[in-house]
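*Asks:* Dropping a structure here in structure tokens format, bear with me for questions.
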Amino acid sequence: MENITLGQNGPVVTPLCIGTWAWGDKLFWNYGDRYGPEQLQEAFTAALEAGITFFDTAEVYGMGKSEKFLGQFLQQTQQPVQIATKFGPLPWRFTAQSVSDTLTASLKRLQLERIALYQVHWPFAFFLSQETLMNALADEVKRGRIAAVGVSNYSAEQMRDAHQILAARGVPLAVNQVRYSLLSRQIESKGIIATARELGVTILAYSPLAQGLLTGKYSIDSAQTPTGPRKIDPRFKKEGLQKIAPVMSLLRSFGEKYDRTPAQVALNWLIAQGNVIPIAGVKTAEQVRQNAGALGWELSKDEIGELEQVSRLWL
């Protein structure tokens, strides 16, 4: 497994990241129904056993529960683990001190003195200027509480601005965390991935399986009916599933060749883009093991190109 350096000189992490949005989240993921602390502990252990030691969380996931779970699980291992969390620029946070206080609260929940990556969750910062925000994050790098600075959901221009402010402090922008999958390739057409390459910024790809659409679990003939927010998502209705059928057919075909699942092929395609780390959300150990099957093998250049062609609708 070839590890990846975040940005130009950030922490070295595994090429797949475990997403923990569902850890404690009742609203979207229905935490407590069919999975709880025991399943999450097993998922954490399964990740380490598979050699995946990079975890992404946020203060808002499960209203702090996700960070707390990670904090508890970290106490039970001697293995080095890299944690990424996020700062939410909420309306009442408009000073550098509010950035520092929010980080302090996250570190307390995580039971850590330092984290690998601290990201700004979204670009719209109300009364907090990017100048104040990025300088506050640079201060935390100097203090040693964060190893690298990242942003999330930033456009190419917003990423360039953040990069420029940080660079003036001698701190590189390490990451932009954005939605990216075979069924969501707008970061290519909007110049985000090209700008990231130019600036030496790593892309963390959230929703890499398009909320489960790329797993093959949902199809026109499948008895599997979407639950939760997927019920009202048009992509999971008959027309949406018909539209993605050519992509799924190719994923299955390559999956048969390599003895992998469609989801493993879809994750492998993302990794093949170079300097892109998929964040695969999990609730159970079985999901971790499934996602880990994306590692340790490679699609050919021609196969990567075929998947690129068949998914051009989503550019």
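The values are calculated or read from the model by the stated rules, or taken from the named source; none is laboratory data. Fair warning: this is a prediction, and the values are worked out from it, not measured in the lab. Glycine also receives a Cβ, built like all others from the backbone with ideal geometry; neighbour counts cover every protein chain displayed. Ligands, DNA and RNA are stripped out before the accessible areas are found, and what is left, the full protein with its side chains, is counted by its heavy atoms. Shrake-Rupley method; radii C 1.70, N 1.55, O 1.52, S 1.80 Å.
*Asks:* Would you check which residues across region 1-46 are farther than 15 Å from Met63 by Cβ, of a type in the set (D, E, K, R) and surrounded by 13 or more Cβ atoms within 10 Å (Cβ to Cβ) and list them?
*Replies:* Within region 1-46, just Glu42 meets the criteria.
*Asks:* Also, quick follow-up: State all residues of region 296-315 that are open to solvent by less than 60 Å² (accessible area, probe 1.4 Å) and farther than 22 Å from Asn176 by Cα; if no residue qualifies, say none. Steps first, answer last, please.
*Replies:* Within region 296-315, the first condition is being open to solvent by less than 60 Å² (accessible area, probe 1.4 Å), and the residues that meet it are 297, 299-300, 303-305, 307-308, 310-311, 314.
Passing the criteria: Trp297, Leu299, Ser300, Glu303, Ile304, Gly305, Leu307, Val310, Ser311.
*Asks:* Might you check whether a residue that is buried (at least 19 other Cβ atoms within 10 Å of the Cβ), of a type outside the set (Phe, Trp, Tyr), under 19 Å from the mean Cα position of the chain (by Cα) and under 10 Å from Val120 (Cβ atoms) occurs anywhere in region 137-149?
*Replies:* yes
*Asks:* Would a scan of region 195-215 turn up a residue that is more than 20 Å from Phe55 (Cβ to Cβ), open to solvent by less than 30 Å² (accessible area, probe 1.4 Å), modelled with pLDDT of 95 or more and of a type in the set (Lys, Arg)?
*Replies:* Among the residues of region 195-215, not one is more than 20 Å from Phe55 (Cβ to Cβ), open to solvent by less than 30 Å² (accessible area, probe 1.4 Å), modelled with pLDDT of 95 or more and of a type in the set (Lys, Arg), which makes the answer no.
*Asks:* Just wondering, is there one or more residues in region 28-39 that are closer than 24 Å to Leu90 by Cα and either modelled with pLDDT of 95 or more or touching a His at 6+ places or on another chain (Cβ under 7 Å) (or both)? Quick ask: steps written out before the conclusion?
*Replies:* Of the residues in region 28-39, the ones closer than 24 Å to Leu90 by Cα are 28-29.
Still in the running and either modelled with pLDDT of 95 or more or touching a His at 6+ places or on another chain (Cβ under 7 Å) (or both): none.
No, region 28-39 contains no residue that is closer than 24 Å to Leu90 by Cα and either modelled with pLDDT of 95 or more or touching a His at 6+ places or on another chain (Cβ under 7 Å) (or both).
*Asks:* Then there's this: Looking only at region 83-138, count how many residues are under 23 Å from Thr53 (Cβ atoms) and among the hydrophobic types (A, V, I, L, M, F, W, C). Outline the logic, then answer.
*Replies:* Just the residues of region 83-138 that are under 23 Å from Thr53 (Cβ atoms), to begin with: 83-87, 103, 106-119, 121.
Going one step further and asking which of them are among the hydrophobic types (A, V, I, L, M, F, W, C), we end up with 83-84, 87, 103, 107, 110, 112, 115-117.
Summing the residues that are under 23 Å from Thr53 (Cβ atoms) and among the hydrophobic types (A, V, I, L, M, F, W, C) in region 83-138 gives 10.
*Asks:* How many of the residues making up region 1-36 are closer than 29 Å to Gly170 by Cα and either in contact with a helix residue (DSSP H, G or I) (Cβ under 6 Å, 6 or more places away or on another chain) or not charged (D, E, K, R) (or both)? Full working, then the answer.
*Replies:* Step one: filter region 1-36 for residues closer than 29 Å to Gly170 by Cα, giving 2-17.
Narrowing the set further to residues that are either in contact with a helix residue (DSSP H, G or I) (Cβ under 6 Å, 6 or more places away or on another chain) or not charged (D, E, K, R) (or both) leaves 3-17.
Number satisfying all stated conditions: 15.
*Asks:* With the condition being without any contact (Cβ under 8 Å) to a residue 40 or more places away in the chain and farther than 25 Å from Leu251 by Cα, I'd like the helices (runs of 4 or more DSSP H) fully within region 144-215 carrying at least 1 qualifying residues.
*Replies:* Numbers: elements: 156-167, 186-189, 192-199.
Answer list for region 144-215: 156-167, 192-199.
Residues are listed down the side, and each one gets a yes or a no for (1) out of contact with any Leu (no Cβ under 6 Å at 6 or more places or on another chain); (2) open to solvent by 10 Å² or more (accessible area, probe 1.4 Å); (3) at pLDDT below 95:
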residue: Gln119; (1), (2), (3): yes, no, no
residue: Phe126; (1), (2), (3): yes, yes, yes
residue: Thr132; (1), (2), (3): yes, yes, no
residue: Tyr154; (1), (2), (3): yes, no, no
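*Asks:* Follow-up. Scanning region 88-107 for residues that are closer than 23 Å to Trp21 by Cα and in contact (Cβ under 8 Å) with a residue 40 or more places away in the chain, which turns out most open to solvent (accessible area, probe 1.4 Å)?
*Replies:* Ranking the qualifying residues of region 88-107, first place goes to Ala105.
*Asks:* Listed residues Glu59, Glu49, Glu67; which is over 16 Å from the mean Cα position of the chain (by Cα), of a type in the set (D, E, K, R) and either open to solvent by 60 Å² or more (accessible area, probe 1.4 Å) or modelled with pLDDT of 95 or more (or both)?
*Replies:* Glu49
*Asks:* Filter region 283-295 for residues that are of a type outside the set (D, E, K, R) and either open to solvent by 50 Å² or more (accessible area, probe 1.4 Å) or within 26 Å of Asn9 (Cα to Cα) (or both) and give the result. Walk me through how you get there before you give the answer.
*Replies:* Residues of region 283-295 that are of a type outside the set (D, E, K, R), as a first pass: 284-285, 287-288, 290-295.
Answer for region 283-295, where residues must be of a type outside the set (D, E, K, R) and either open to solvent by 50 Å² or more (accessible area, probe 1.4 Å) or within 26 Å of Asn9 (Cα to Cα) (or both): Gln287, Gln290, Ala292, Ala294, Leu295.
*Asks:* Considering only helices (runs of 4 or more DSSP H) fully contained in region 37-126, which possess at least 3 residues that are polar (S, T, N, Q)?
*Replies:* Values: elements: 37-49, 65-74, 96-110.
Passing ranges, in order: 37-49, 96-110.
*Asks:* If I filter region 249-282 down to residues being in a helix (DSSP H, G or I) and among the basic types (Lys, Arg), which single residue comes out as surrounded by the most Cβ atoms within 10 Å (Cβ to Cβ)?
*Replies:* Arg252
*Asks:* Pull out all pairs, ordered by first then second residue, where Cβ-Cβ is under 6 Å, the residues are six or more apart or on different chains, the first lies in region 73-84 and is open to solvent by 20 Å² or more (accessible area, probe 1.4 Å), and the second is assigned to a strand (DSSP E or B).
*Replies:* Pairs found: Gln82/Val13; Gln82/Phe54; Gln82/Ala116.
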